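Inspection log for the structure reproduced underneath, given as structure tokens.
The values are calculated or read from the model by the stated rules, or taken from the named source; none is laboratory data. Not measured: the values here are computed from a predicted model. Virtual Cβ from ideal backbone geometry, glycine too; neighbours counted across all protein chains shown. Surface accessibility is based on the protein's heavy atoms, side chains included, excluding ligands, DNA and RNA. Shrake-Rupley method; radii C 1.70, N 1.55, O 1.52, S 1.80 Å.
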Amino acid sequence: MEQRTQEEFDTGESGHVSFDFRGYLFKVLNLWKFVLLCIGTAMLIAYFINVRKPSVYKLDSLISVENDQNPFFTANTSISFNWGGVSGKVSKIITEMKTRTHNEKVVDSLQFYMEYLVQGKYRKEDVYKHTPFKFEIDKAKLQVLNSYIGIRFLDNDEFEVFTEYEVSNKTGQRYHDKTKSPLKVPTGVYSKKFKVGQTIDLPFFNGRILIDPNVKVGAGSEFYIRFLNFDSVVEDYRNRMIVNPYNKSASAVLRLQLAGHNKAKIVDYLNATSTILSRSELERKNLYATNTIKFIDSSLAAVDDKLKDVTSEMNDFRKENKVFDVSEGVTQISEELKQYDQAKEQEELKLNYLSNLEKYLNTKTDYTEIAAPTSVGIQETNILASVSKIISLAAERQNLEYTTKEGSGLFKELDRRMDSEVNVLLETIDATKKTIGIQLSVINQNIARLEAKLSDLPEDQQEYLKIQRKLEISQEAYDVYTAKRGEAAIVKAANISDITIIDEAKDIGGASGRIGPNKSLNYMMALMMGFFVPMFLIFVLFLLDNTIHGSDEIEQLSKIPILGLIGKYNYKNNLIVYEKPKSAVAESFRSIRSSLQFFYKKLGNNEGKTLMVTSSVSGEGKTFCSINMATVYALSGKKTILLGLDLRKPKIFGDFNINNDKGVVNYLIGESTFEEAKYTTHIENLDVIPSGPVPPNPSELLMSDQMHILINQLRQDYDMIVLDTPPLGLVTDALELTQYADATIFMVRLDYTKKGMLSLINAKYRKGEVKNISFVLNFYKHKTNHNYGYGYGYGYGYGYGYGVYGNAYHERDNDSIFKRIKRFFRRI
């Protein structure tokens, strides 16, 4: 028997301890109110979020990116460049829409740096396009930033501006150049009246309020205007704009998406960004034609001046000389000379264009302003191709500047390609100029030959023919340039943007486009958080909890048997068995008394039996158990004495209305006799010896021979001796008394006693320092399912500590209705 007990104890202390899922489950069930409260709180928070959080909408529009060609002058030259095909252009369009420059144009055109607001239930609401007035901002003057400016209408013709600022120093912004400056605002309550249409000239607010004449404004209507930092608004929209291909099969179709709180603003921004983008692309597409028209206009002006001069010269000649009748042969020679002069002028124009182009390429870095070579009749394929590539690369570099930092490898690659193309073009220009020079030499020789044939004519006839040729050449040159300019203007006018709006953004009303708050998801998340967060907290508390909560835990930690259970009971003192004999607690003590008979029968002698009551620490119900065990024996007819041997913290005297002036201490030191230290109580068959004054050496007194004599004397005089001893886990006094104990009760208070304390009593039991020891569970509560692993005991009873006791099923006080209702809700 002793060998088996030793093995059991070893297993109980060092065996594998797994997670007690069942215990955790009952812990959760015990705290179901807490879990339900958390779920309710989370659902309430979700409700307020859904109600108070403004709705978020996302709308979209569709645009297509085409690559239209538009021939200019010849089939070999295009005024609309194909910059890498449609796919390459799509990526550039996506990049451009995310640039700061583009979004600045959109925000500035819509004036989204100015908000119209009204006071809502929870916040100020944006009422863009839903106000009966419009504020015409003075962009040249400062407007205060990030501050509310109230507009209160007194009637349809008058309103007042009101503010209430706590500090006078604010920041303002001029929206014509976007500069910011500090400004002063009035502190406290401020208001000033104005007429509708009157210029508002305040240090912080400048402009005019204009009312739609068809709308009547209610007196007392209040609105708010707030100005925002232009750069911050642009950055906000730039980050929120989403641009993606519509699908893989339609990569040239782009979907523009934007989310926000005001659908009208989203619609206007998406449509404005498409319109501005289309206009910008058309301007960029017409850049080549625009530059060419400028070049033609400058050349046309020079030709016009020359034509005027020649015409004036001809008129002067005719006034001074008679009109000649030139022979047919002379006319033919003059016609040939005119053709050569025209060819010479054409080649000189080409040469002049190439010289200017060469100078431009050598001195400029922006190659987007090159005029079309075909405008002066240059049809050299290499020159046309090189100019096209250079302008394409220059435009691509301009787009890249919006999104890429200078010094990036992309810039280096583009610059390398442009430099290479410029070098090729310069070589081509040099070769072409030499060719034109040769052609001019041939033309000049032919002109000299023909002029020699006319040298025999009179000088005045020669002069007449010369002026006539100049006049005809100038007129034809003017006609050619006029025709080319008209052609260029037609080509420019015929150009269309490569950006086509397929589907404009539109608010179709209702909850269309709403993406948040997702009420269902919020409630689901609240339900999950409300459930799992308390479950996790309970799990953590369960892992960190090292107190004993049930009989099953004791069975896992120790093989010492459980003698009985004492429930919770609310009563004024510790005399439960005597004063409430029909209570469940009294029945529990009688059950423990019956169980102890098995220990005492083994002793087989007729002497008085001793019962030692101890615990691990103070507050576990040791004194309460001692008093009631002594009472239950006394009431059974046995002559019983209760010894207060907790010399350090005397307690038992208070319940019997006796004083502690004399007791065990006085007897052990020889100061009093046994009869002087003993008190007879009002309970029949029960005597008490209190502890007496607290001694300086309690352990030595309990180890003295006088103590041995006392116990022997009590065994002869009494049937039952109950020893109320100090806690076993705190001091060694109780160990000195185990030699006198026939049976030992070790009190375990549920939800109070630490698990580690059981290892202490286990070790002492293994060593044989205590014998016939049993556990008594105090403060047992049936509703918390502490005893789910234990097969007997009452689910009611007493709870020791701080004078609090519990309910009984045998006998109950006349509780008030309030207490009964409270008890009912506790049970559920």
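Residue check: is residue 221 within 23 Å of residue 125 (Cβ to Cβ), surrounded by 14 or more Cβ atoms within 10 Å (Cβ to Cβ) and not aliphatic (A, V, I, L, M)? Yes; evaluated as a whole, the condition is true for this residue.
Might you check whether a residue that is of a type in the set (Ser, Thr, Tyr) and under 39 Å from the mean Cα position of the chain (by Cα) occurs anywhere in the stretch 178-186? Yes - at least one qualifying residue is present in the stretch 178-186. When residue 714 is evaluated against the numbered criteria (1) open to solvent by less than 10 Å² (accessible area, probe 1.4 Å); (2) in contact with a helix residue (DSSP H, G or I) (Cβ under 7 Å, 6 or more places away or on another chain); (3) closer than 14 Å to residue 611 by Cα, which criterion, by number, is the only one it fails? For residue 714, the failing item is (2). Quick one: in the stretch 500-517, which of the residues that are in contact with a strand residue (DSSP E or B) (Cβ under 7 Å, 6 or more places away or on another chain) and either within 13 Å of residue 256 (Cα to Cα) or of a type in the set (Ser, Thr, Tyr) (or both) is modelled with the lowest pLDDT? Selected residue: 500.
Checking each residue in the stretch 630-649 for being assigned to a loop (DSSP other than H, G, I, E, B) and crowded, with 24+ Cβ neighbours inside 10 Å picks out 645, 646, 647. For the condition under 30 Å from residue 104 (Cα atoms) and either modelled with pLDDT of 75 or more or more than 45 Å from the chain's Cα centre (by Cα) (or both), residue 349 does not qualify.
What about residue 683, is it open to solvent by less than 10 Å² (accessible area, probe 1.4 Å), touching a strand residue (DSSP E or B) at 6+ places or on another chain (Cβ under 6 Å) and either assigned to a loop (DSSP other than H, G, I, E, B) or acidic (Asp, Glu) (or both)?
Judged against the criteria, residue 683 is not a match.
Of the numbered criteria (1) surrounded by fewer than 18 Cβ atoms within 10 Å (Cβ to Cβ); (2) more than 16 Å from residue 432 (Cβ to Cβ), the one residue 360 fails is (2).
Yes/no per residue for (1) modelled with pLDDT of 85 or more; (2) buried (at least 22 other Cβ atoms within 10 Å of the Cβ); (3) within 24 Å of residue 657 (Cα to Cα):
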| site | (1), (2), (3) |
| --- | --- |
| 531 | yes, no, no |
| 536 | yes, no, no |
| 542 | yes, no, no |
| 548 | yes, yes, no |
| 561 | yes, no, no |
| 576 | yes, yes, yes |
| 586 | yes, yes, yes |
| 603 | no, no, no |
| 613 | yes, yes, yes |
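Inspect all residues belonging to the stretch 241-258 and state whether any of them is loosely packed, with under 12 Cβ neighbours inside 10 Å and among the charged types (D, E, K, R). The answer is yes; a qualifying residue exists. Note on the stretch 101-160: residues that are over 25 Å from residue 183 (Cα atoms), part of a strand (DSSP E or B) and more than 29 Å from the chain's Cα centre (by Cα) total 3.
Give me the residue from the stretch 468-488 that is of a type in the set (Lys, Arg) and open to solvent by less than 70 Å² (accessible area, probe 1.4 Å) and, out of that set, modelled with the lowest pLDDT.
Only one residue tops the list, namely 469.
Does residue 171 satisfy the condition of being surrounded by 16 or more Cβ atoms within 10 Å (Cβ to Cβ), outside any loop (DSSP other than H, G, I, E, B) and of a type in the set (Ser, Thr, Tyr)? No. None of 107, 185, 161, 144 is open to solvent by less than 70 Å² (accessible area, probe 1.4 Å) and touching a helix residue (DSSP H, G or I) at 6+ places or on another chain (Cβ under 8 Å) except 107. Among the residues that make up the stretch 618-629, is at least one of them part of a helix (DSSP H, G or I), crowded, with 24+ Cβ neighbours inside 10 Å, among the aliphatic types (A, V, I, L, M) and more than 60 Å from the chain's Cα centre (by Cα)? Yes: the stretch 618-629 contains one or more residues that are part of a helix (DSSP H, G or I), crowded, with 24+ Cβ neighbours inside 10 Å, among the aliphatic types (A, V, I, L, M) and more than 60 Å from the chain's Cα centre (by Cα).
For residue 676, the conditions (1) part of a helix (DSSP H, G or I); (2) surrounded by fewer than 23 Cβ atoms within 10 Å (Cβ to Cβ); (3) touching an Asp or Glu at 6+ places or on another chain (Cβ under 6 Å); (4) not hydrophobic (A, V, I, L, M, F, W, C) are fulfilled apart from (3). Residues in the stretch 78-102 that are of a type in the set (Val, Ile, Thr), at pLDDT 50 or above and open to solvent by 20 Å² or more (accessible area, probe 1.4 Å): 94, 95, 101.
The set of residues in the stretch 303-316 being modelled with pLDDT of 70 or more and more than 23 Å from residue 376 (Cα to Cα) consists of 311, 312, 313, 315, 316.
For the subset of the stretch 395-434 comprising residues that are at pLDDT below 80 and aliphatic (A, V, I, L, M), which member is surrounded by the most Cβ atoms within 10 Å (Cβ to Cβ)?
395
If you scan the stretch 687-711, which residues turn out to be in a loop (DSSP other than H, G, I, E, B) and open to solvent by 10 Å² or more (accessible area, probe 1.4 Å)?
Listed by number, the residues that qualify are 693, 694, 695, 696, 697, 703, 704.
Filtering the stretch 174-215 to residues that are acidic (Asp, Glu) and part of a loop (DSSP other than H, G, I, E, B) leaves 177, 212.
Residues of the stretch 318-337 that are assigned to a helix (DSSP H, G or I) and either at pLDDT 70 or above or open to solvent by 60 Å² or more (accessible area, probe 1.4 Å) (or both): 318, 319, 320, 328, 331, 332, 335, 336, 337.
Scanning the stretch 482-536 for residues that are basic (Lys, Arg) and part of a helix (DSSP H, G or I) gives 484, 485, 492, 519. For the stretch 653-662, filtering for residues that are touching a strand residue (DSSP E or B) at 6+ places or on another chain (Cβ under 7 Å) and part of a helix (DSSP H, G or I) leaves 1. Restricting 141, 89, 98, 105 to residues that are farther than 30 Å from residue 65 by Cβ and not aliphatic (A, V, I, L, M) narrows the list to 141.
Any residue at all in the stretch 377-394 that is touching a Lys or Arg at 6+ places or on another chain (Cβ under 7 Å) and either closer than 24 Å to residue 281 by Cβ or of a type in the set (Val, Ile, Thr) (or both)?
Looking for residues that are touching a Lys or Arg at 6+ places or on another chain (Cβ under 7 Å) and either closer than 24 Å to residue 281 by Cβ or of a type in the set (Val, Ile, Thr) (or both), one finds at least one in the stretch 377-394, hence yes.
Against the list (1) more than 21 Å from residue 425 (Cα to Cα); (2) open to solvent by 70 Å² or more (accessible area, probe 1.4 Å); (3) modelled with pLDDT of 75 or more, the condition residue 389 fails is (1).
A single entry from 585, 613, 665 fulfils the requirement of being of a type outside the set (Asp, Glu) and in a strand (DSSP E or B): 613. Just one of the listed residues (749, 715) is within 27 Å of residue 575 (Cα to Cα), within 60 Å of the chain's Cα centre (by Cα) and among the basic types (Lys, Arg), and it is 749.
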